[in-house]
Amino acid sequence: SNLGRLYHEGLQIAIVGRPNVGKSSLMNALLRHERAIVTPIAGTTRDVITETINLNGIPATLLDTAGIGETKDVIEQMGIDRSRRAIEAAALALFVIDGSQPAAPDDLTVARLLADRLDHDGAGRVVLAINKRDLPHHESHDVLCAELPGCPVVELSTVSGSGISTLEATLFELASSLAGEAREPATVSLRQREALRSALNSLYAALAAAHDALPNDLIAIDVRDALMFIGEITGEQISERVLDEIFSTFCIGK
């Protein structure tokens with residue numbers, strides 16, 4: 001059900017990082033066309049730019065955010081504030097760094113901002129994209145990786161296009177993991193989803209009652225509720241005969 005909703009509703013991916021690391025270039029590379037303006041001037045992107053891509057059937061909205069860093073420019077600061085809000089709202093964050101330069105203080109600021117999105121085992125909703133690997137000098141960026149333990153790392157170049165397909169596959173796997181272990185979407189409506197949840201809660205209540213050694217007729221009430229909720233999903237009318245057959249050994253008011 002969760003995966004089905006993901007394929008139907010999609011998700012947001014925030015492209016974040018300090019200024020001039022290639023965030024807009026990466027967005028254009030993922031879109032396969034020039035959508036965002038790219039210049040060598042830091043701070044070119046002043047606002048959040050949105051565009052939609054298809055990740056193996058999952059609609060994903062890319063959010064090209066303003067570079068996060070220290071600035072005295074009032075307009076640029078407004079863009080940074082919007083970038084921070086986009087990070088909080090997005091399902092996934094794509095952290096872009098310049099692989100040809102050592103980590104800057106602003107890189108560490110962004111890394112620590114994103115560290116809160118990671119689970120206790122390091123897995124989570126962040127992908128580290130090391131850009132500009134087409135340039136001769138390569139930095140390892142072990143310091144940034146240490147700030148985001150367990151975070152998937154993809155080396156790429158928006159100029160040559162290397163690593164883009166790997167990045168797309170990584171984003172798809174993370175997006176799918178948000179929906180649980182299933183890999184095939186189930187067509188389940190919101191009403192059916194809530195009925196399933198209610199049935200599960202009733203079964204948990206029955207198990208708890210059995211664990212506490214409550215009378216069987218009280219346990220059967222919760223089991224009966226679970227059956228009724230499942231009947232709402234299948235569209236079947238549970239007849240009195242079936243209920244009598246199931247609960248014939250218990251004393252239950254109808």
- Message: If a residue must be modelled with pLDDT of 65 or more, of a type in the set (A, V, I, L, M) and either part of a loop (DSSP other than H, G, I, E, B) or open to solvent by less than 50 Å² (accessible area, probe 1.4 Å) (or both), how many such residues does region 224-254 contain?
- Response: 2
- Note on the structure: Selection from region 155-165 of residues within 21 Å of Gln12 (Cβ to Cβ) and surrounded by fewer than 20 Cβ atoms within 10 Å (Cβ to Cβ) yields Ile164
- First in region 192-210 and open to solvent by 60 Å² or more (accessible area, probe 1.4 Å), second anywhere and assigned to a helix (DSSP H, G or I), Cβ under 7 Å, 6 or more apart: Leu196/Ile233; Leu203/Ala226
- Query: From the residues in region 12-34 that are of a type in the set (D, E, K, R) and assigned to a loop (DSSP other than H, G, I, E, B), which one is surrounded by the most Cβ atoms within 10 Å (Cβ to Cβ)?
  - Reply: Arg18
- Here the qualifying pairs (Cβ atoms under 6 Å; residues six or more apart or on different chains; first in region 126-154 and assigned to a strand (DSSP E or B); second acidic (Asp, Glu) and open to solvent by 60 Å² or more (accessible area, probe 1.4 Å)) come out as Ile130/Glu155
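Among the residues of region 137-183, write down those that are β-branched (Val, Ile, Thr), more than 14 Å from Gly22 (Cβ to Cβ) and at pLDDT 90 or above. Let's see the steps before the verdict.
Of the residues in region 137-183, the ones β-branched (Val, Ile, Thr) are 143, 153-154, 158-159, 164, 166, 170.
Adding the requirement that they be more than 14 Å from Gly22 (Cβ to Cβ) leaves 143, 153, 166, 170.
Val153, Thr166, Thr170, listed by residue number.
Does region 85-106 contain any residue that is at pLDDT below 70 and among the basic types (Lys, Arg)? Explain how you work it out, then say what you get.
Applying the first criterion (at pLDDT below 70) to region 85-106 yields 86.
Now narrow it down to the ones that are among the basic types (Lys, Arg): none.
No: zero hits.
The values are calculated or read from the model by the stated rules, or taken from the named source; none is laboratory data. Everything numeric here is computed off the predicted structure, so don't read it as measured data. Ideal geometry is used to build each Cβ from the backbone, glycine not excepted, and the neighbour counts take in all protein chains shown. Remember, those area values only see protein heavy atoms, side chains included, never the ligands or the DNA or RNA. Shrake-Rupley method; radii C 1.70, N 1.55, O 1.52, S 1.80 Å.
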